[in-house]
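These notes are about the structure you will find just below.
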Amino acid sequence: MSFRHIQIDPMTPTIGAMISGVDLNSTRSEDVYEEIKKALWQYGVVFFRKQALKPEAYIRLGQNFGEMEQHEFFPHIEGHPQIQLISNQGNEAPETDRWHTDVTFRKKPNMVSILRITDLPPAGGDTMWMHAGAAYDALNPGMQQMLEGLQADHDLPWAFRRINATERLAKRASAKSGMLVTANAHECKMIENTPTVTHPAVITHPYTGRKILFVNSIWTKRLLGMHMDLSEAVLNMLYEWVKKPEFMVRFRWEKDSVAMWDNCATQHYAVFDYAPHYRAGQRMTCGSFVPTLNPVAASAANAGGQPSVMRQLLDSTRMQAASPREQQAVEAIFSALENVDLNAVAAAAQRR
(Lines give C-alpha, C1' and ligand atoms only; values in the text may rest on other atoms or scores of the structure.)
Protein backbone atom coordinates (compact mmCIF):
# COMPACT_ATOMS: atom_id res chain seq x y z
CA MET A 1 0.00 0.00 0.00
CA SER A 2 1.45 3.37 -1.02
CA PHE A 3 1.27 6.56 1.03
CA ARG A 4 1.62 10.01 -0.53
CA HIS A 5 1.04 12.30 2.47
CA ILE A 6 2.79 10.52 5.35
CA GLN A 7 6.01 8.57 5.84
CA ILE A 8 5.58 4.96 7.04
CA ASP A 9 8.39 2.92 8.63
CA PRO A 10 7.27 -0.59 9.68
CA MET A 11 8.63 -1.68 13.08
CA THR A 12 8.16 -5.44 12.66
CA PRO A 13 6.96 -7.66 9.80
CA THR A 14 3.77 -8.40 11.78
CA ILE A 15 2.65 -5.30 13.67
CA GLY A 16 3.49 -1.66 14.26
CA ALA A 17 4.69 1.26 12.17
CA MET A 18 6.15 4.69 12.85
CA ILE A 19 4.42 7.59 11.08
CA SER A 20 6.36 10.77 10.35
CA GLY A 21 6.10 13.75 8.05
CA VAL A 22 2.94 15.12 9.63
CA ASP A 23 2.19 17.72 12.33
CA LEU A 24 -1.02 16.59 14.01
CA ASN A 25 -1.57 20.00 15.57
CA SER A 26 -1.78 21.79 12.25
CA THR A 27 -3.14 19.25 9.78
CA ARG A 28 -6.75 19.39 8.68
CA SER A 29 -6.26 17.45 5.47
CA GLU A 30 -8.77 14.67 4.86
CA ASP A 31 -6.14 12.96 2.69
CA VAL A 32 -3.70 12.84 5.62
CA TYR A 33 -6.31 11.46 8.00
CA GLU A 34 -7.38 8.88 5.42
CA GLU A 35 -3.82 7.62 5.04
CA ILE A 36 -3.43 7.41 8.81
CA LYS A 37 -6.56 5.23 8.85
CA LYS A 38 -5.17 2.96 6.15
CA ALA A 39 -1.87 2.63 8.00
CA LEU A 40 -3.69 1.76 11.21
CA TRP A 41 -5.75 -1.01 9.60
CA GLN A 42 -2.63 -2.37 7.90
CA TYR A 43 -0.22 -2.32 10.87
CA GLY A 44 -2.54 -2.65 13.88
CA VAL A 45 -0.78 0.08 15.88
CA VAL A 46 0.95 3.23 14.66
CA PHE A 47 3.22 5.67 16.49
CA PHE A 48 4.12 9.34 16.23
CA ARG A 49 7.03 11.19 17.83
CA LYS A 50 7.23 14.84 18.91
CA GLN A 51 3.51 15.59 18.80
CA ALA A 52 2.71 18.09 21.61
CA LEU A 53 -0.97 17.76 20.91
CA LYS A 54 -3.37 20.50 21.92
CA PRO A 55 -6.80 19.23 23.03
CA GLU A 56 -8.55 20.58 19.94
CA ALA A 57 -6.10 18.85 17.59
CA TYR A 58 -6.27 15.66 19.64
CA ILE A 59 -10.07 15.58 19.38
CA ARG A 60 -9.93 16.43 15.67
CA LEU A 61 -7.71 13.39 15.12
CA GLY A 62 -10.00 11.12 17.10
CA GLN A 63 -13.15 12.29 15.32
CA ASN A 64 -11.92 10.62 12.15
CA PHE A 65 -12.52 7.24 13.78
CA GLY A 66 -16.03 7.79 15.05
CA GLU A 67 -17.79 9.10 18.10
CA MET A 68 -15.63 9.52 21.21
CA GLU A 69 -16.76 8.64 24.68
CA GLN A 70 -16.11 9.07 28.36
CA HIS A 71 -14.75 5.87 29.88
CA GLU A 72 -16.37 4.03 32.80
CA PHE A 73 -13.31 4.26 35.04
CA PHE A 74 -11.15 7.28 34.21
CA PRO A 75 -11.52 11.03 34.83
CA HIS A 76 -11.01 13.51 31.98
CA ILE A 77 -9.22 16.79 31.40
CA GLU A 78 -11.18 19.90 32.23
CA GLY A 79 -13.48 21.04 29.44
CA HIS A 80 -12.78 18.01 27.25
CA PRO A 81 -14.66 14.91 28.46
CA GLN A 82 -13.44 12.95 25.41
CA ILE A 83 -9.83 12.99 26.69
CA GLN A 84 -9.37 10.60 29.59
CA LEU A 85 -6.66 10.95 32.23
CA ILE A 86 -4.84 7.76 33.16
CA SER A 87 -2.04 7.52 35.71
CA ASN A 88 -0.28 5.20 38.10
CA GLN A 89 2.13 5.69 40.97
CA GLY A 90 3.38 3.55 43.82
CA ASN A 91 4.02 -0.15 44.16
CA GLU A 92 0.53 -1.45 43.43
CA ALA A 93 0.33 -2.81 39.89
CA PRO A 94 -2.37 -1.34 37.62
CA GLU A 95 -5.02 -3.58 36.08
CA THR A 96 -3.46 -3.03 32.63
CA ASP A 97 -0.30 -5.09 33.17
CA ARG A 98 -1.90 -8.10 31.47
CA TRP A 99 -2.63 -8.78 27.81
CA HIS A 100 -6.09 -7.51 26.93
CA THR A 101 -8.37 -5.82 24.42
CA ASP A 102 -10.19 -2.82 25.88
CA VAL A 103 -13.81 -3.05 27.06
CA THR A 104 -14.77 -6.34 25.41
CA PHE A 105 -17.37 -6.59 28.20
CA ARG A 106 -19.47 -4.22 26.07
CA LYS A 107 -21.77 -5.29 23.26
CA LYS A 108 -19.92 -2.77 21.07
CA PRO A 109 -16.28 -2.30 22.19
CA ASN A 110 -14.43 0.79 21.05
CA MET A 111 -12.71 0.52 17.68
CA VAL A 112 -9.66 2.76 18.14
CA SER A 113 -7.68 3.98 21.15
CA ILE A 114 -5.19 6.86 21.09
CA LEU A 115 -2.71 7.51 23.90
CA ARG A 116 -0.28 10.35 24.54
CA ILE A 117 2.01 9.89 27.53
CA THR A 118 2.47 13.17 29.41
CA ASP A 119 4.59 12.05 32.40
CA LEU A 120 7.33 9.46 32.12
CA PRO A 121 9.17 7.57 34.86
CA PRO A 122 12.99 7.80 34.87
CA ALA A 123 13.11 4.43 33.08
CA GLY A 124 10.66 1.75 31.97
CA GLY A 125 6.95 2.16 31.39
CA ASP A 126 6.93 0.75 27.84
CA THR A 127 3.75 -0.56 26.22
CA MET A 128 3.54 -3.71 24.09
CA TRP A 129 0.98 -4.67 21.45
CA MET A 130 0.30 -8.00 19.74
CA HIS A 131 -1.71 -8.73 16.60
CA ALA A 132 -4.57 -11.10 17.36
CA GLY A 133 -4.99 -11.73 13.62
CA ALA A 134 -1.44 -13.04 13.42
CA ALA A 135 -2.07 -15.15 16.53
CA TYR A 136 -5.12 -16.70 14.87
CA ASP A 137 -3.31 -17.28 11.56
CA ALA A 138 -0.53 -19.20 13.32
CA LEU A 139 -2.93 -21.71 14.92
CA ASN A 140 -3.31 -25.07 13.21
CA PRO A 141 -6.45 -25.53 11.07
CA GLY A 142 -8.09 -27.90 13.55
CA MET A 143 -7.79 -25.40 16.39
CA GLN A 144 -9.03 -22.61 14.13
CA GLN A 145 -12.08 -24.64 13.15
CA MET A 146 -12.88 -25.46 16.79
CA LEU A 147 -12.58 -21.83 17.92
CA GLU A 148 -14.71 -20.54 15.05
CA GLY A 149 -17.60 -22.58 16.40
CA LEU A 150 -17.34 -21.14 19.93
CA GLN A 151 -18.80 -18.17 21.76
CA ALA A 152 -17.20 -16.55 24.83
CA ASP A 153 -18.61 -14.62 27.77
CA HIS A 154 -16.95 -11.32 28.69
CA ASP A 155 -17.70 -10.00 32.16
CA LEU A 156 -16.64 -6.77 33.90
CA PRO A 157 -17.82 -7.53 37.49
CA TRP A 158 -16.29 -11.01 37.31
CA ALA A 159 -12.93 -9.55 36.25
CA PHE A 160 -12.95 -6.97 39.02
CA ARG A 161 -13.77 -9.60 41.61
CA ARG A 162 -10.80 -11.70 40.40
CA ILE A 163 -8.36 -8.84 41.06
CA ASN A 164 -10.09 -7.79 44.28
CA ALA A 165 -10.82 -4.31 42.90
CA THR A 166 -14.36 -4.03 44.25
CA GLU A 167 -13.22 -2.78 47.67
CA ARG A 168 -11.07 -0.04 46.13
CA LEU A 169 -13.87 1.04 43.79
CA ALA A 170 -16.35 1.17 46.68
CA LYS A 171 -14.00 3.47 48.60
CA ARG A 172 -13.71 5.76 45.58
CA ALA A 173 -17.48 5.83 45.17
CA SER A 174 -17.90 6.67 48.87
CA ALA A 175 -15.41 9.53 48.62
CA LYS A 176 -17.07 10.89 45.49
CA SER A 177 -20.64 10.72 46.81
CA GLY A 178 -19.94 11.56 50.44
CA MET A 179 -21.98 8.52 51.45
CA LEU A 180 -20.88 5.06 52.52
CA VAL A 181 -20.86 2.61 49.60
CA THR A 182 -20.14 -0.98 50.58
CA ALA A 183 -18.21 -3.34 48.34
CA ASN A 184 -21.23 -5.64 48.03
CA ALA A 185 -23.53 -2.77 47.07
CA HIS A 186 -21.04 -1.50 44.54
CA GLU A 187 -20.66 -4.94 42.97
CA CYS A 188 -24.43 -5.45 42.76
CA LYS A 189 -24.76 -2.10 41.01
CA MET A 190 -21.97 -3.02 38.60
CA ILE A 191 -23.65 -6.34 37.76
CA GLU A 192 -26.90 -4.51 37.11
CA ASN A 193 -25.27 -1.89 34.89
CA THR A 194 -22.86 -4.16 33.00
CA PRO A 195 -24.31 -7.66 32.57
CA THR A 196 -22.27 -10.39 30.90
CA VAL A 197 -22.02 -10.12 27.10
CA THR A 198 -21.22 -12.89 24.63
CA HIS A 199 -18.96 -12.56 21.57
CA PRO A 200 -17.60 -15.08 19.07
CA ALA A 201 -14.20 -16.46 20.06
CA VAL A 202 -13.04 -15.60 16.52
CA ILE A 203 -14.35 -12.49 14.78
CA THR A 204 -14.03 -10.83 11.40
CA HIS A 205 -12.33 -7.45 11.29
CA PRO A 206 -14.91 -4.92 10.04
CA TYR A 207 -12.45 -3.12 7.74
CA THR A 208 -10.01 -5.76 6.54
CA GLY A 209 -12.09 -8.94 6.65
CA ARG A 210 -9.26 -10.69 8.52
CA LYS A 211 -10.08 -13.28 11.17
CA ILE A 212 -9.14 -12.18 14.69
CA LEU A 213 -8.74 -14.23 17.86
CA PHE A 214 -11.13 -12.45 20.23
CA VAL A 215 -10.50 -13.68 23.78
CA ASN A 216 -8.33 -11.89 26.33
CA SER A 217 -6.98 -12.58 29.80
CA ILE A 218 -8.81 -9.78 31.63
CA TRP A 219 -12.39 -9.71 30.40
CA THR A 220 -13.07 -13.19 28.94
CA LYS A 221 -14.75 -15.40 31.54
CA ARG A 222 -15.49 -18.69 29.76
CA LEU A 223 -16.09 -20.46 26.48
CA LEU A 224 -19.69 -21.56 26.08
CA GLY A 225 -20.78 -25.08 25.22
CA MET A 226 -17.94 -26.90 26.97
CA HIS A 227 -17.14 -28.06 30.49
CA MET A 228 -15.83 -25.32 32.80
CA ASP A 229 -12.49 -27.11 33.27
CA LEU A 230 -11.98 -27.54 29.53
CA SER A 231 -12.96 -23.93 28.91
CA GLU A 232 -10.40 -22.76 31.44
CA ALA A 233 -7.69 -24.97 29.93
CA VAL A 234 -8.34 -23.78 26.35
CA LEU A 235 -8.43 -20.12 27.39
CA ASN A 236 -5.20 -20.43 29.38
CA MET A 237 -3.54 -22.08 26.39
CA LEU A 238 -4.64 -19.17 24.17
CA TYR A 239 -3.46 -16.59 26.70
CA GLU A 240 -0.03 -18.18 26.58
CA TRP A 241 -0.14 -18.47 22.80
CA VAL A 242 -0.64 -14.74 22.23
CA LYS A 243 2.55 -14.03 24.18
CA LYS A 244 4.77 -15.24 21.33
CA PRO A 245 7.22 -12.44 20.46
CA GLU A 246 6.56 -13.02 16.76
CA PHE A 247 3.13 -11.40 17.22
CA MET A 248 4.41 -8.35 19.12
CA VAL A 249 5.87 -4.88 18.99
CA ARG A 250 7.26 -2.97 22.00
CA PHE A 251 7.20 0.83 22.13
CA ARG A 252 9.50 2.96 24.24
CA TRP A 253 7.77 6.20 25.09
CA GLU A 254 9.37 9.60 24.72
CA LYS A 255 7.98 13.01 25.60
CA ASP A 256 5.09 13.91 23.23
CA SER A 257 4.91 10.46 21.65
CA VAL A 258 1.49 9.27 20.50
CA ALA A 259 0.30 5.70 19.96
CA MET A 260 -2.88 4.78 18.09
CA TRP A 261 -4.10 1.19 18.05
CA ASP A 262 -6.79 -0.89 16.40
CA ASN A 263 -8.64 -2.21 19.44
CA CYS A 264 -10.39 -4.86 17.35
CA ALA A 265 -7.25 -6.44 15.89
CA THR A 266 -4.78 -6.09 18.75
CA GLN A 267 -4.19 -6.70 22.43
CA HIS A 268 -1.87 -4.59 24.56
CA TYR A 269 0.10 -4.75 27.79
CA ALA A 270 1.29 -1.76 29.84
CA VAL A 271 4.59 -2.87 31.37
CA PHE A 272 4.72 -2.11 35.11
CA ASP A 273 8.45 -1.96 35.75
CA TYR A 274 8.72 1.66 36.95
CA ALA A 275 7.47 1.44 40.57
CA PRO A 276 7.23 3.56 42.62
CA HIS A 277 7.52 6.33 40.03
CA TYR A 278 4.72 8.27 38.35
CA ARG A 279 3.46 7.59 34.83
CA ALA A 280 0.49 9.41 33.28
CA GLY A 281 -1.13 10.07 29.92
CA GLN A 282 -4.13 11.28 27.99
CA ARG A 283 -6.24 8.75 26.14
CA MET A 284 -9.18 8.81 23.75
CA THR A 285 -11.40 5.94 22.66
CA CYS A 286 -13.08 6.34 19.29
CA GLY A 287 -15.78 4.58 17.32
CA SER A 288 -17.13 1.11 18.04
CA PHE A 289 -17.74 -2.24 16.38
CA VAL A 290 -19.99 -5.26 16.83
CA PRO A 291 -17.82 -8.40 17.23
CA THR A 292 -19.11 -10.85 14.62
CA LEU A 293 -17.72 -13.70 12.56
CA ASN A 294 -18.45 -13.53 8.86
CA PRO A 295 -16.59 -16.36 7.08
CA VAL A 296 -17.36 -14.92 3.65
CA ALA A 297 -15.68 -11.62 4.50
CA ALA A 298 -12.74 -13.37 6.11
CA SER A 299 -12.09 -15.58 3.12
CA ALA A 300 -12.09 -12.52 0.87
CA ALA A 301 -9.34 -10.80 2.85
CA ASN A 302 -5.84 -11.20 1.48
CA ALA A 303 -3.04 -12.89 3.40
CA GLY A 304 -1.63 -9.60 4.69
CA GLY A 305 -4.89 -8.64 6.33
CA GLN A 306 -5.22 -5.48 4.23
CA PRO A 307 -8.53 -4.25 2.80
CA SER A 308 -8.86 -4.58 -0.95
CA VAL A 309 -9.63 -1.55 -3.08
CA MET A 310 -13.17 -2.86 -3.52
CA ARG A 311 -13.68 -3.44 0.19
CA GLN A 312 -12.67 0.11 1.04
CA LEU A 313 -15.94 1.19 -0.59
CA LEU A 314 -17.97 -0.60 2.09
CA ASP A 315 -19.68 1.51 4.73
CA SER A 316 -18.69 -0.55 7.79
CA THR A 317 -21.17 1.22 10.08
CA ARG A 318 -24.10 0.34 7.83
CA MET A 319 -22.79 -3.19 7.40
CA GLN A 320 -22.72 -3.75 11.16
CA ALA A 321 -26.32 -2.53 11.43
CA ALA A 322 -27.52 -4.85 8.65
CA SER A 323 -29.09 -8.24 9.24
CA PRO A 324 -26.90 -11.36 8.87
CA ARG A 325 -28.65 -12.21 5.59
CA GLU A 326 -28.00 -8.71 4.22
CA GLN A 327 -24.38 -8.89 5.32
CA GLN A 328 -23.92 -12.23 3.56
CA ALA A 329 -25.45 -10.87 0.36
CA VAL A 330 -23.22 -7.79 0.31
CA GLU A 331 -20.13 -9.82 1.16
CA ALA A 332 -20.92 -12.32 -1.58
CA ILE A 333 -21.09 -9.49 -4.12
CA PHE A 334 -17.79 -7.97 -2.97
CA SER A 335 -16.12 -11.37 -2.84
CA ALA A 336 -17.18 -12.00 -6.43
CA LEU A 337 -15.86 -8.60 -7.50
CA GLU A 338 -12.54 -9.24 -5.73
CA ASN A 339 -12.09 -12.44 -7.72
CA VAL A 340 -12.40 -10.55 -10.99
CA ASP A 341 -9.11 -9.72 -12.71
CA LEU A 342 -9.84 -6.08 -13.56
CA ASN A 343 -6.61 -5.73 -15.54
CA ALA A 344 -7.67 -8.64 -17.76
CA VAL A 345 -11.12 -7.08 -18.23
CA ALA A 346 -9.55 -3.76 -19.21
CA ALA A 347 -7.15 -5.44 -21.60
CA ALA A 348 -9.99 -7.36 -23.23
CA ALA A 349 -11.98 -4.15 -23.66
CA GLN A 350 -9.04 -2.47 -25.37
CA ARG A 351 -8.74 -5.33 -27.85
CA ARG A 352 -12.32 -4.92 -29.01
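Structural remarks
- Among the candidates T118, T208, T96, residue that is open to solvent by 20 Å² or more (accessible area, probe 1.4 Å), in contact with a Gly (Cβ under 6 Å, 6 or more places away or on another chain) and under 29 Å from M248 (Cβ atoms): T118
- Filter result (outside any loop (DSSP other than H, G, I, E, B) and either within 18 Å of the chain's Cα centre (by Cα) or modelled with pLDDT of 95 or more (or both)) within the range 61-85: L61, G62, Q63, M68, Q82, I83, Q84
- Within the range 75-121, being farther than 19 Å from M190 by Cβ and out of contact with any strand residue (DSSP E or B) (no Cβ under 7 Å at 6 or more places or on another chain) holds for E78, G79, H80, P81, Q89, G90, N91, E92, A93.
- Qualifying residue in the range 108-122 (condition: over 30 Å from R49 (Cβ atoms) and under 25 Å from the mean Cα position of the chain (by Cα)): yes
- Selection status of I86, surrounded by fewer than 21 Cβ atoms within 10 Å (Cβ to Cβ), out of contact with any Gly (no Cβ under 9 Å at 6 or more places or on another chain) and farther than 24 Å from T208 by Cβ: no
- Every condition in (1) modelled with pLDDT of 95 or more; (2) open to solvent by 10 Å² or more (accessible area, probe 1.4 Å) holds for A52 except the one numbered (1).
- Test for M111: is it open to solvent by 20 Å² or more (accessible area, probe 1.4 Å) and under 30 Å from P200 (Cβ atoms): no
- Subset tally (residues that are assigned to a loop (DSSP other than H, G, I, E, B) and open to solvent by less than 90 Å² (accessible area, probe 1.4 Å)) for the range 24-35: 5
- Scanning the range 186-205 for residues that are more than 19 Å from E148 (Cα to Cα) and either in contact with a Leu (Cβ under 8 Å, 6 or more places away or on another chain) or open to solvent by less than 50 Å² (accessible area, probe 1.4 Å) (or both) gives H186, E187, M190, T194.
- Any chance L156 is among the aliphatic types (A, V, I, L, M) and either closer than 15 Å to C264 by Cβ or surrounded by fewer than 21 Cβ atoms within 10 Å (Cβ to Cβ) (or both): no
- The criterion of at least 1 residues that are within 14 Å of the chain's Cα centre (by Cα) is met, among strands (runs of 3 or more DSSP E) falling completely within the range 177-222, by 202-204, 211-213.
- Cβ pairs under 7 Å, 6+ apart, first in the range 193-207 and in contact (Cβ under 8 Å) with a residue 24 or more places away in the chain and of a type in the set (A, V, I, L, M, F, W, C), second assigned to a strand (DSSP E or B) and open to solvent by 10 Å² or more (accessible area, probe 1.4 Å): A201/Q151; V202/K211
- When the criteria are applied in full, G21 meets the requirement of being at pLDDT 95 or above, in contact with a strand residue (DSSP E or B) (Cβ under 8 Å, 6 or more places away or on another chain) and either loosely packed, with under 13 Cβ neighbours inside 10 Å or among the acidic types (D, E) (or both).
Per-residue answers, yes or no, for (1) farther than 21 Å from K211 by Cα; (2) free of Cβ contacts under 8 Å to residues at least 12 places away in the same chain; (3) surrounded by fewer than 19 Cβ atoms within 10 Å (Cβ to Cβ):
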site	(1), (2), (3)
H227	yes, yes, yes
E246	no, no, yes
V249	no, no, no
V258	yes, no, no
Q267	no, no, no
G281	yes, no, no
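The values are calculated or read from the model by the stated rules, or taken from the named source; none is laboratory data. Note that this is a predicted model, so its numbers are computed, not measured. Neighbour counts run over all protein chains shown; Cβ positions are idealised from the backbone, glycine included. The accessibility values were calculated without ligands, DNA or RNA, using every heavy atom of the protein model including side chains. Shrake-Rupley method; radii C 1.70, N 1.55, O 1.52, S 1.80 Å.
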